[in-house]
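Working notes, beginning with the structure itself.
The values are calculated or read from the model by the stated rules, or taken from the named source; none is laboratory data. None of the values given here were measured: they were computed from a predicted structure. Every residue, glycine as well, gets a Cβ built from its backbone with ideal geometry; the counts of neighbours run over all protein chains shown. Surface accessibility is based on the protein's heavy atoms, side chains included, excluding ligands, DNA and RNA. Shrake-Rupley method; radii C 1.70, N 1.55, O 1.52, S 1.80 Å.
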Amino acid sequence: MLYGFSRDQAVPFWWIWQKVDDQGVPVHAVWGITFAVFLLGLSMLGGVTAFDTASSIATAGLCLAYALPIGCRIVFAHHSFEPGPFSLGRWSIPNAAVACIWLLFASAIFMLPQAFPVTGNNNNYTAAAVGTILLASLTAWLVSARHWFSGPRIDVDNSDAVRVKYWVTDPPRKNS
């Protein structure tokens, strides 16, 4: 993901992470993620609270990452959305609403303390961390990115997509 975001210039130091070697492997991005995971692993040395918080951040972040496009589909693209080959029809919006409610509920659950009574040593700091990340992301968007970011860059031609679409709608048959 770091490589993909760096191609779109959507992460700090994108010019480092987007480099690839002779075989097309984004070595800098792989080592950058490896180092970040190593640093997160060091949090275990600080005790179980740091690990619990890191795990909760990852889980809550995943739930929010799923809820965001589903919610945007409900709120912003209600009338302009073009359904694909698989559609729930009139059940699409109610299903999306249930999914958003469940994902937000799950995110809230993972932000709760995991032990009682709550003290500074066993508090779950996920809400503060996720709130900080959301605030920093929103600030970065409002201050800078909205002026230059126009969406992901497309590095492939559509011939592959057309071939895949054709194969999905009319798969190749064996000669009998």
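A few notes on this one:
- Tally of residues being exposed (fewer than 14 other Cβ atoms within 10 Å of the Cβ) and at pLDDT below 85 across the stretch 11-20: 1
- Residue that is of a type in the set (S, T, N, Q) and more than 22 Å from A129 (Cβ to Cβ), where the choices are S107, S92: S92
- The one condition in (1) exposed (fewer than 12 other Cβ atoms within 10 Å of the Cβ); (2) at pLDDT 85 or above; (3) under 20 Å from A140 (Cα atoms) that Q23 fails to fulfil: (3)
- The stretch 105-130 - residue that is free of Cβ contacts under 8 Å to residues at least 60 places away in the same chain and part of a helix (DSSP H, G or I) and, of those, farthest from Y66 (Cα to Cα): A128
- The residues of the stretch 30-60 that are open to solvent by 80 Å² or more (accessible area, probe 1.4 Å) and closer than 18 Å to Y125 by Cβ, listed by number, are L39, L40, M44, L45, V48, F51.
- Output for the stretch 61-82, where each listed residue is under 16 Å from the mean Cα position of the chain (by Cα), open to solvent by 90 Å² or more (accessible area, probe 1.4 Å) and without any contact (Cβ under 8 Å) to a residue 12 or more places away in the chain: L62, L68
- Taking the criterion of being in a helix (DSSP H, G or I), farther than 30 Å from H147 by Cα and in contact (Cβ under 8 Å) with a residue 12 or more places away in the chain, the only residue of the stretch 1-47 that qualifies is L40.
- Qualifying residue in the stretch 87-102 (condition: in contact with a helix residue (DSSP H, G or I) (Cβ under 8 Å, 6 or more places away or on another chain) and under 22 Å from P12 (Cα atoms)): no
- Taking the conditions (1) within 19 Å of the chain's Cα centre (by Cα); (2) open to solvent by less than 50 Å² (accessible area, probe 1.4 Å); (3) polar (S, T, N, Q); (4) at pLDDT below 85 in turn, N124 satisfies each one other than (1).
- Some residue of the stretch 85-104 being open to solvent by less than 100 Å² (accessible area, probe 1.4 Å), part of a loop (DSSP other than H, G, I, E, B) and farther than 30 Å from S56 by Cα: yes
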